[in-house]
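Quick note: the coordinates plus some simple rules give every number you see, no bench work behind them. This one's a predicted model, so the numbers in the text were calculated from it and none came from an experiment. Heads up, the Cβs are rebuilt from the backbone with ideal geometry, glycines too, and the neighbour counts pull from every protein chain shown.
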Amino acid sequence: MFLHLGRDVVVLKKDIIAILDVRTAQADATKEFIEIAGDEGFIKNIYKKDKEKSFVVTNNNIYVSPISCSTLKKRSQMFSPL
């Protein structure tokens, strides 16, 4: 199954490690993690300026999404048979 993160970006649900609120970036450990990931090119911005709401950490990248954690959680729990 896939999860839509916003702006035509979808990821496999099995590749998602964590979904974090952007406010968690205020914590020292998270801030350092995000800075290092950004320096190494793992951050993928899929939001409009000042609209970021969550970080989605996957096996390969960290996506900065304009969709809130709670909405992403609801989407991830939905099951739609093909």
Using only Cα atoms and rounding to the nearest 10 degrees, what angle (0 to 90) does helix 28-39 make with the longest principal axis of the chain?
80
List every residue whose amide H lies under 5 Å from the amide H of residue 53, counting only residues 5 or more places away in sequence or on a different chain, with H placed 1.01 Å from N in the peptide plane.
65, 67
Phi angles of segment 54-63, converted by Karplus (6.51 cos²θ - 1.76 cosθ + 1.60, θ = phi - 60°) into ³J(HN,Hα) in whole Hz with x for Gly and Pro, give 8, 10, 10, 8, 10, 4, 10, 8, 10, 9
Karplus (6.51, -1.76, 1.60) ³J(HN,Hα), θ = phi - 60°, over segment 69-74, in Hz, Gly and Pro reported as x:
4, 5, 5, 4, 4, 4
Counting other Cβ atoms within 10 Å of each Cβ, which chymotrypsin sites (Phe, Trp or Tyr not before Pro) in segment 1-65 have at most 16 and sit in a DSSP loop?
42
Cα gyration tensor of segment 2-77 diagonalised, 5x eigenvalues square-rooted, in angstrom largest first, produces semi-axes 18, 13, 12
